[in-house]
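Below is one structure, written out as structure tokens; the observations come after it.
Just so you know, all these numbers are worked out from the coordinates, no wet-lab data involved. None of these values were measured; they are calculated from a predicted model. Here the Cβ positions follow ideal geometry from the backbone for every residue, glycine too, while neighbour counts run over all protein chains shown.
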2 protein chains.
Amino acid sequence: MKNKTVSSIGEFGLIEIIKRNFAKINYNKNVVARIGDDSFCFKAGKNTICITKDMLVENVHFKKDWITAKKLGQKAIEVSVSDIAAMGNVKPKYAFIGLGIPANANKKFIQDLANGVEAVCNKYKMTVAGGDTVKADKITISVTVVGITKDKIVKRSGAKPGDLIGVTNTFGDAGAGVALLYKHGIKYKYSKEERALIAKQNNQTARVNEAHKIAKYLTSLTDASDGLYISIGLLTKGSNLGADIYIDKAPLSSSFTKIFKDSKKQLDFALFGGEDYELVFTVPKSKAKIVQKLVPQVTYIGEINSSKKVKYFHNGKEKKIKYLGFKHF
Amino acid sequence: MKNKTVSSIGEFGLIEIIKRNFAKINYNKNVVARIGDDSFCFKAGKNTICITKDMLVENVHFKKDWITAKKLGQKAIEVSVSDIAAMGNVKPKYAFIGLGIPANANKKFIQDLANGVEAVCNKYKMTVAGGDTVKADKITISVTVVGITKDKIVKRSGAKPGDLIGVTNTFGDAGAGVALLYKHGIKYKYSKEERALIAKQNNQTARVNEAHKIAKYLTSLTDASDGLYISIGLLTKGSNLGADIYIDKAPLSSSFTKIFKDSKKQLDFALFGGEDYELVFTVPKSKAKIVQKLVPQVTYIGEINSSKKVKYFHNGKEKKIKYLGFKHF
């Protein structure tokens, strides 16, 4: 079994290989957040520079039939900015775009993609700083976003027993939207609510303003790119602690609960759906109210404890949760 | 002709579309080098942060049969570090790796690639700061390198009439190595000299030490990733000036001149070969000697003038040069 292929070891196996190799390299003293946090951050004088890198590949992360080029450009930037927002009060400043493009791609597609990138960069007053264009079999978009702050960053570690676990907005919509597309395709006559779920999946908004407002009160923070279950695991593991999660408190949208009435389906999408890009954080109980006042879309769904285990409760009863996430390979 | 494909507009057409769209975005006052230079650089307090991003795609930038995974990892980092070195006395500090990997790629390949990345990062005392792994049809390596300096950066603009044009080491070897591989394949019995040329193409070394030593004397600087002709064009256009180039002075290695005896072939590889990753720079005449003393591998091959045209001379006679570069699309 020496020459295992990537599909046999899976994505997490692959990340392990990469981490193990790269972990040998010494971090210098200016590094304040490293591999395993949402962004890599280092100090340069009084500033902390945060950098995040994402890659979107056609047919893996998006299908050309399911998203317009402009929305794809917007989404590519929003999801990277979300990783910057997940570090707290950090201002996204510069974006780099690497485009891998098939020779038969048309000019309008690229222009629309660029327009989408531009729209989001303007919204955040970010500069498109550069990039690279190469030939590729499939459209590949590699985005690097640089953020700057003079404040202390908020990492995935730092939670304390007794802290509340909070989230912004609702969960499950984007994952449900993808599921609908897989089931019926793009040309199906969807209801208004179904269209809202599908739209959510192509219209992510990084929670930059929210993060900026509440960062100074938080003890740990991440964004929910891969679903609530993974995010809660990152914060508890990051702090070497456990949590009780009252999963019936997970906020769900009305479109979502109208379409998916079964509570097991609801839980599956909220926990494992992914692409919600909401904030998931911990906050001392004494600061929970001010945080909710600053960002009314905050809901508290659990509490950190020292057990090192995450327990899920549904209407007061413990519920065993089995990981049902998305597999890349 | 509204829906032109990428192959019909070519790589430069594509870059134009991207630039035109992205040029609308305002650069903030902290940006000191932007799209069109070797790195994007911005001020953060007393530091200047330089960032460069490159993407290598299987069968476009490399063939798996022609390079080992370890060398590929090394090369990916060296070529990005070369873009940092091309900004002057800038220390490469952090590298981000985005890997697109086919599901049937084997574990050893990825481990070897990671080892190559690690070896070069250790050499430059750089930290591998993070990255992303996604499924892709072809191996895709996206590298972002971050450098830091407290010094003034050296851009592609800044040359003055009368400045000499200098280069480090020799030109044409890497391009000749690629040409040999295309002609005979990897299994052919190559001579010692031919092997040296082929090796050069897979063993780039960014000229970091050289750039650090001479940066403060230079008026403009770039690296020769796409051949001498392109680099000279970048420096003269960057400064809105022209130059006389004494192309018979372009330094060539003994392996190269042994294999390619025809002077036209020699010129073609030196001017258009690419992947030499040597420094190409301008320096005031009064500083030319000290620069050559600090880096003895420097050769002067021409002089900047105000003509806005680049003229090539071979043994005293003007020689019309027609662009014969590599086409991505």
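General observations
- Length added when fully stretched, A:K183-A:K258, from 0.36 nm per residue minus Cα-Cα: 25.3 nm
- For A:S254, label point 7 Å along C-beta direction: distances to other copies, nm: 8.4
- At 0.890 mPa s and 25 °C, Stokes diffusion of the protein assembly as shown via Kirkwood alpha-carbon radius, µm² per second: 93 µm²/s
- Links that overshoot a 20 Å alpha carbon limit, given the list B:K152/B:K216; A:K216/A:K293; B:K91/B:K289: B:K91/B:K289
- When you work out D = kT/(6 pi eta Rh) for region A:164-319 at 25 °C and 0.890 mPa s, using the Kirkwood radius from C-alpha pairs as Rh and the Stokes-Einstein form, the result is 154 µm²/s.
- Cα→Cβ-extended label distance, 7 Å offset, between A:K237 and A:A119, nm: 3.6 nm
- Extreme residue, positive dipole direction of region A:177-302, given options A:Y229, A:A215, A:V298 (C-beta unit charges): A:V298
- Förster-model FRET efficiency, 35 Å R0, B:K309 and B:K265, C-beta, rounded to 0.05: 0.85
- Label positions at A:K64 and A:S286, each projected 7 Å from the Cα along the C-beta direction, are separated by 5.8 nm.
- For the residue pairs A:K64/A:K258; A:K64/A:K123; A:K93/B:K75; A:K150/B:K108; A:K29/B:K71, the alpha carbons lie more than 32 Å apart in A:K150/B:K108.
- Position B:N203: other-copy label points at 5.8 nm, ordered by increasing distance, label point 7 Å along Cα→C-beta.
- Summed side-chain charge close to B:E193 - residues other than B:E193 whose Cβ falls under 14 Å, Lys, Arg +1, Asp, Glu -1: +4
- Over region B:25-149: Rg over Rh, Cα atoms, Kirkwood Rh: 1.01
- Model label points for B:N203 and B:N106, set 7 angstrom from Cα along the Cα-to-Cβ axis, are 2.6 nm apart.
- Shown here for region A:142-239: trypsin sites (Lys or Arg not before Pro) in loop regions (DSSP other than H, G, I, E, B) with at most 10 other Cβ atoms within 10 Å, namely A:K187, A:K189.
- Charge tally in the Cβ shell below 10 Å around A:F171, where Lys, Arg are +1 and Asp, Glu are -1, A:F171 excluded: -3
- Annotation for A:F313, label-to-label distances across the other copies: 8.7 nm (shortest first, one decimal, point 7 Å from Cα along Cα→Cβ).
- Gyration tensor (alpha-carbon) shape descriptor, chain A, a/c threshold 1.5: rounded
- Magnitude of the charge dipole, region B:164-319, Cβ model with Lys/Arg +1 and Asp/Glu -1, debye to 20: 240 debye
- Sorted peptide list for A:269-276, A:77-84, A:157-164, criterion being average Cβ within 10 angstrom, highest first: A:77-84, A:269-276, A:157-164
- Taken residue by residue and averaged, Cβ atoms of other chains lying within 10 Å of the Cβ of B:98-104 number 6.
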